[in-house]
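The values are calculated or read from the model by the stated rules, or taken from the named source; none is laboratory data. These numbers were taken from a predicted model, which means no experiment stands behind them. Positions of Cβ are backbone-derived with ideal geometry, glycine not excepted, and every protein chain shown enters the neighbour counts.
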Amino acid sequence: QQISNVTSDSSLNHQTFHHIIQNTNHDLSHTTNDSNLIGYHGYFHGFVLSNSNRASPTNSNTQDNEKTNLFKYIETNIIGKDYIVNGPWGPRKMVYADYTASGRSLRFIENYIQNYVMPSYGNTHSENNACSLQTTVFRGEARTLVKKSVNATDNDVVIFTGTGSTGAIHKLVNTLHLNDEENRNKTVVFISAFEHHSNILPWKETGIEIVRIPCNKQGLLDQDVLKEKLEYYRNKIEKHILCTFNAASNVTGIRTDVDSVSTLVHQYDGWIFWDYAAAAPYVKIDMNPSETAYKDAVFISTHKFVGGPGTPGMMCQCFVIDFID
């Protein structure tokens, strides 16, 4: 149904995500029991669609109402939101407060995957059958949507890899060939004092030199110390500098000023990588806010999003990221 024909030159007449979404609004209306939200699903998908016919809000009150309805629609579709836990004081309705570890599944997403993705699922590396071709098209369109959402350019790539940010970081470490002694000896890695172990161990296991940048009195990354270390390792030690920091702490929730830090690192020809594992579901990610504040790589743990369980890790990075030559 998704692919109507496959010609000898492998051209496809397929239904894209956008087309399928338009055709499945009726099905999605049955994923909620809240009668006040019936029909609202059209907007929920419309805010993703570039060709949506939904009129733009005319005032702030309309925008606020639409946001409220959107949040209600999502909340109503969380699988397990009414789950009962048997504890020492008897049965209690569960209150889930561990989104920094993992998000919760959404009924309308799971229904969509079951009804419109899995029937035509196939291996993406194959191009000799309809299912593989359709799945490859889905994956390619997903990459396009992600690139648009993080303001990526044609010089950036999106890689789905591994499990969460951990898999994405391992992929980057391997891409940089830091297990090679020559590369390792001419490179230094800066981390902060409040990194998750997934942004420490992959670098540490290579045996590379690691420098920890402390916090200031406000609990933020100390940019004065960072500047001192950048000057020292660039001008005196003459090593290539890789900085890998988290955009927000998964312990304190404190956010780092990613744009100012990125600009500072680039002033010393360093590369800046941002771990958005804890931050991505809640903040805007901009790969290219300016000519100096661009991010060389961003790690995203998509399973931490509401509706995210079952998704891979994700890395958005500059396409030219090889300094070996």
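The figures follow:
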quantity	calculated
In the range 127-136, the residues that are closer than 20 Å to T161 by Cβ and buried (at least 19 other Cβ atoms within 10 Å of the Cβ)	T135
Residues that are over 30 Å from S249 (Cα atoms), free of Cβ contacts under 8 Å to residues at least 40 places away in the same chain and not β-branched (V, I, T), drawn from the range 96-118	Q114, M118
The range 203-240, residues that are in contact with a Phe, Trp or Tyr (Cβ under 6 Å, 6 or more places away or on another chain) and under 18 Å from D257 (Cα atoms)	I213, L230
Cβ-Cβ under 7 Å pairs, at least 6 apart or on other chains, the range 249-268 side in contact (Cβ under 8 Å) with a residue 12 or more places away in the chain, far side exposed (fewer than 14 other Cβ atoms within 10 Å of the Cβ) and assigned to a helix (DSSP H, G or I)	Y268/E231
Selection status of L145, in the same structural domain as V265 (by TED's automatic domain parsing) and at pLDDT below 95	no
Residues that are under 14 Å from D269 (Cα atoms) and surrounded by fewer than 20 Cβ atoms within 10 Å (Cβ to Cβ), drawn from the range 213-227	K227
Meets criteria (over 22 Å from A168 (Cβ atoms), surrounded by fewer than 17 Cβ atoms within 10 Å (Cβ to Cβ) and among the acidic types (D, E)) for E231	yes
I237 being out of contact with any Leu (no Cβ under 7 Å at 6 or more places or on another chain), among the β-branched types (V, I, T) and touching a residue at least 40 places away in the same chain (Cβ under 8 Å)	yes
Count - residues of the range 284-319 that are under 11 Å from the mean Cα position of the chain (by Cα) and either at positive phi or of a type outside the set (K, R) (or both)	15
Single residue of the range 80-107 satisfying the filter (among the small types (G, A, S) and in contact with a helix residue (DSSP H, G or I) (Cβ under 8 Å, 6 or more places away or on another chain)) that is surrounded by the fewest Cβ atoms within 10 Å (Cβ to Cβ)	A101
Filter result for the condition that a residue is surrounded by fewer than 22 Cβ atoms within 10 Å (Cβ to Cβ) and touching a Leu at 6+ places or on another chain (Cβ under 6 Å), over T263, T252, T256	T256
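Residue by residue, here is whether (1) closer than 30 Å to F138 by Cβ; (2) not acidic (D, E) holds:
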{"position": "G87", "(1), (2)": "no, yes"}
{"position": "R92", "(1), (2)": "no, yes"}
{"position": "A97", "(1), (2)": "no, yes"}
{"position": "R107", "(1), (2)": "yes, yes"}
{"position": "E110", "(1), (2)": "yes, no"}
{"position": "N115", "(1), (2)": "yes, yes"}
{"position": "M118", "(1), (2)": "yes, yes"}
{"position": "G122", "(1), (2)": "yes, yes"}
